[in-house]
Amino acid sequence: MHFSINPDCPQPLLVLIFSRNKQGKDREIERQRERLSLSKFSQTLQKKKNRSAMAAAALSIETGVTVQETVDLERNSISHRHERAEWVLNAPNPPSLWRELADSLKETVLPRKTKLFQSLKQEPAPKRVVSILQGIFPILCWCQNYKATKFKRDLMAGLTLASLCIPQSIGYATLAKLDPQYGLYTSVVPPLIYAVMGTSREIAIGPVAVVSLLLSSMLQKLGDPDADPISYRKLVLTTTFFAGMFQAAFGLFRLGFLVDFLSHAAIVGFMAGAAIVIGLQQLKGLLGISKFTNNTDVVSVVKAVWNSLHHQWNPYTFILGCSFLSFILCTRFLGRRNKKLFWLPAIAPLLSVIISTLIVFITKADNHGVKTVKHIKGGLNPSSVHQLEFNTPHVGEVAKIGLIIAVVALTEAIAVGRSFASIKGYHLDGNKEMVAMGFMNLVGSFTSCYVATGSFSRTAVNFTAGCESAMSNIVMAITVLITLEFLTKLLYYTPISILASIILSALPGLIDYNEAIKIWKIDKLDFLACAGAFFGVLFASVEIGLLAAITISFAKIILISIRPGTETLGRLPGTDIFCDIDQYPMAIDTPGVLIIRVKSALLCFANANFGREKIVRWASSEGSEEEKQEKAKRNIQRVVLDMSNLMNIDTSGIASLEELNKELLSGGIELAIVNPRWQVIHKLRVSKFVEKIEGRVFLTVLEAVDSAAPEAKMPPI
């Protein structure tokens, strides 16, 4: 850049112009230094005895800068480098472990520093009470702007939802080994409570297939639903109480991370395996089989079906069930082809129940072996507080089952709610969702309900029907309540095979093979967890499938932590950026320096020796002949350990670093560390490791390289 100076220009402006000239000159020097040839510079060094002086002379010849200016630049660079190293070494002590735990607990239980609490302090008492109530009951917020047009849409969505919910609830209750009315009870109280406390506008609350299967498969080991249905029902209600208690605790104490123990891949495999098991169990109702196995594995179910095909099954029941199953699937196909016919697959289950009931009533098919629902107890939800049992010897097992079901139900509900919330473009509060789910199941256990959660199939119908708010859940609950009060007698002749058909029609939505293929392409270990859950549920039991998925997921974490990622860094041409040479093949090795980055967040007893051996193997002359020749050419004098990704270290990790330093020193190689994090540098100072490496601690990799031998300072070609 060229500047023309006016003699009349004020002195401050002249100073500014000269300063800019000097800055431009410095930048030009740096650019010309970067263009120096490394081979030419090495030849110059070999000819002269004093490397530092001759390096400065070479720079002055090439760039036109005096030797004194070059030396001053080097001294300033070294001074700044030492100053930045002091920033790392003299950092204040990090918070203690007890302080971190206390702060975490305070933030979790009493988040007083949030904007919400700060704004509440500035409001008068009445408004403060209203704000707190609106935080607990979101319905107080959205009902203020609720209009008649929204209610019309919610009314239609709620009625459409009820037409699907009523037959499904009866079917899912039989899947849970309960009387049909308990499915209808579960579709009344929980949806009403969720509408008041929940934050999702589209999610439809009620019994679902997976939770019903979990209850029946896990609780029938503690009580036989056929031999003693009253004791079994008490176990179900007590399990519902524990599930609600755990869900509410997760939300109140912000422990939602526990739900993440079931990874997305595990849920995909678990849902697919559960869908197949549920489908096989519905063959009992579809074929009209009287005696059937209580086991859930595919081998036992197929064996029971095969043994029953000779004399126990009823052809009229099978024909009736398959006919209406085909009808429901055809309406679903039409609904997908034409979006305006979304209501057709929604009301198809209810139409199937009505038509099949009329057919059985007119033809007296129940006298020919077609099994029907028969008596359904009507009326409002009766109280079940007296049926909760906490003094039984199985209370520990019941609590454990409640915890498992709470996690599975929350995982499904939050996944469903968030997927539809993202479509509508609003945020779903996970903690409030957990609290709402917990309280609705707690109250549900007092009102003859079993575990309820968000249903994907009914939520999709609710969304397609144009729901605007949780009012659709209220409309659905009121419709089911009217059915319980006045219409249960009409369901006396409803065939069991129709309920099996309705459940079977809902199962394809649980098998997401496209997502399984996607998981396989992205992460093979995740797919292993998915496959473990799938085959565990299919060939063992629901508990084994869940345990297999969680075990594989934790094994993946342990495997990654035991084998810490390390990568060799090289310098990108024309830059000061150091990157993995495997990812960036154009990156150039620095002569005399081996730069290694630790990719693990923790260097501990489980992975420290593995990382140390790998670094020593890279730096020493071990390996194949080609590797030995390559290392001999590089003549490694320093190993730079980039710790920018390392969050913490324990005593075993420090011991491995000390041993690494000794092994490198025995081979004439010095060790330097770069950008250690707060906890790491504090522990390295306390253990005197910084003194053992003679204070070679740097802020950046570039500074660690520049402070090495002179031939390592020069930028690559």
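Compare the peptides 276-288, 590-602 by average per-residue count of other Cβ atoms within 10 angstrom and give them in order, highest first.
For the peptides 276-288, 590-602, the packing ranking is 276-288, 590-602.
Work out how much length His386 to Leu572 would gain on full extension: take 0.36 nm times their residue separation and subtract the Cα-Cα distance, in nm to one decimal.
Difference between extended and current length: 59.6 nm.
Just to confirm a number: summing +1 for Lys and Arg and -1 for Asp and Glu over residues other than His310 whose beta-carbon lies under 14 angstrom from that of His310, what do you get?
+2
From largest accessible area down, sort Ile289, Ile478, Ile139; use a 1.4 Å probe on the protein chains.
Solvent-accessible surface, decreasing: Ile478, Ile139, Ile289.
Over all directions, average the projected area of the Cα convex hull of the range 178-257 and note it in nm².
6.3 nm²
If I stretch the segment between Leu665 and Val302 completely, what's the gain in nm (0.36 nm per residue apart, minus their alpha carbon distance), one decimal?
The span from Leu665 to Val302 would gain 123.9 nm if fully extended.
Say the dipole of the range 193-351 comes from +1 at the beta carbon of Lys and Arg and -1 at that of Asp and Glu; which of Leu287, Tyr232, Met218 then lies farthest toward its positive end?
The residue sitting farthest along the positive end of the dipole is Leu287.
State to the nearest 20 debye the size of the charge dipole of the range 378-484 about its Cα centre, where the only charges are +1 on K and R beta carbons and -1 on D and E beta carbons.
180 debye
Under a point-charge model restricted to the Cβ atoms of Lys and Arg (+1) and Asp and Glu (-1), what is the dipole moment magnitude of the range 230-333 relative to its Cα centre, in debye to the nearest 20?
Dipole size: approximately 240 debye.
Here is the link list: Lys662/Lys683; Lys614/Lys662; Lys518/Lys599. Which ones come out longer than 22 Å on Cα distance?
Violating the 22 Å limit, Cα to Cα: Lys518/Lys599.
What is the calculated FRET efficiency for Glu691 to Leu525, with r their C-beta to C-beta distance and R₀ = 51 Å, to the nearest 0.05?
Calculated transfer efficiency: 0.80.
Quickly work out the Trp678-to-Leu559 label distance, labels modelled 7 Å from Cα along the C-beta direction, and quote it in nm with one decimal.
That separation, rounded to one decimal, is 3.4 nm.
Calculate what fraction, in whole %, of the accessible area of the range 154-217 sits on carbon and sulfur atoms when a 1.4 Å probe is rolled over the protein chains.
66 percent
Just to be sure I understand the model, the point goes 7 Å from the Cα along the line to the Cβ. What's the resulting Ser422 to Asn294 distance in nm?
It is 4.2 nm.
Determine the dipole magnitude for the range 275-387: charges of +1 sit on the beta-carbon of Lys and Arg, -1 on that of Asp and Glu, nothing else is charged, the reference point is the Cα centre, and the result goes in debye to the nearest 20.
So the dipole magnitude of the range 275-387 works out to roughly 320 debye.
Tell me, what is the 1.4 Å probe accessible area of His264, in Å² to the nearest 10?
Approximately 110 Å² of His264 is accessible to the 1.4 Å probe.
If you stretched the chain out fully between Gln144 and Leu487, how much longer would it get, using 0.36 nm times the residue separation minus the C-alpha to C-alpha distance?
Going from the current span to full extension adds 120.0 nm.
What does a probe at Phe535 reach in the range 542-559, counting residues whose amide N is under 14 Å from the point 7 Å along Cα→Cβ?
Taking a point 7 Å out along Cα→Cβ of Phe535, the residues of the range 542-559 whose backbone N falls under 14 Å are 545, 548-549, 552.
Which trypsin sites (Lys or Arg not before Pro) in the range 206-254 pass both tests, a DSSP loop state and at most 13 other beta-carbon atoms within 10 Å?
Listed in order of number, the matching sites are Lys221.
How much of the accessible area of the range 223-360, probe 1.4 Å, is carbon plus sulfur, in whole percent?
Ligands and nucleic acids excluded, carbon and sulfur reach 69 percent.
What nm distance separates the two modelled labels at Lys599 and Phe261, each placed 7 Å from Cα along Cα→Cβ?
Label-label distance for Lys599 and Phe261, simple model: 2.9 nm.
Over the range 481-535, with the other protein chains present, what is the accessible area per residue in square angstrom, probe 1.4 angstrom?
54 Å²
Using a 1.4 angstrom probe on the protein heavy atoms only, could you order Ile203, Ile636, Ile362, Ile319 from most to least accessible area?
Ile362, Ile319, Ile636, Ile203
The values are calculated or read from the model by the stated rules, or taken from the named source; none is laboratory data. Worth saying up front: this structure is predicted, and the values here are computed from it rather than measured. Neighbour counts are summed over all protein chains in view; Cβ atoms, including those assigned to glycine, are modelled from backbone coordinates with ideal geometry. Side chains are part of the model used for accessible areas, which takes the heavy atoms of the whole protein and leaves out ligands, DNA and RNA. Shrake-Rupley method; radii C 1.70, N 1.55, O 1.52, S 1.80 Å.
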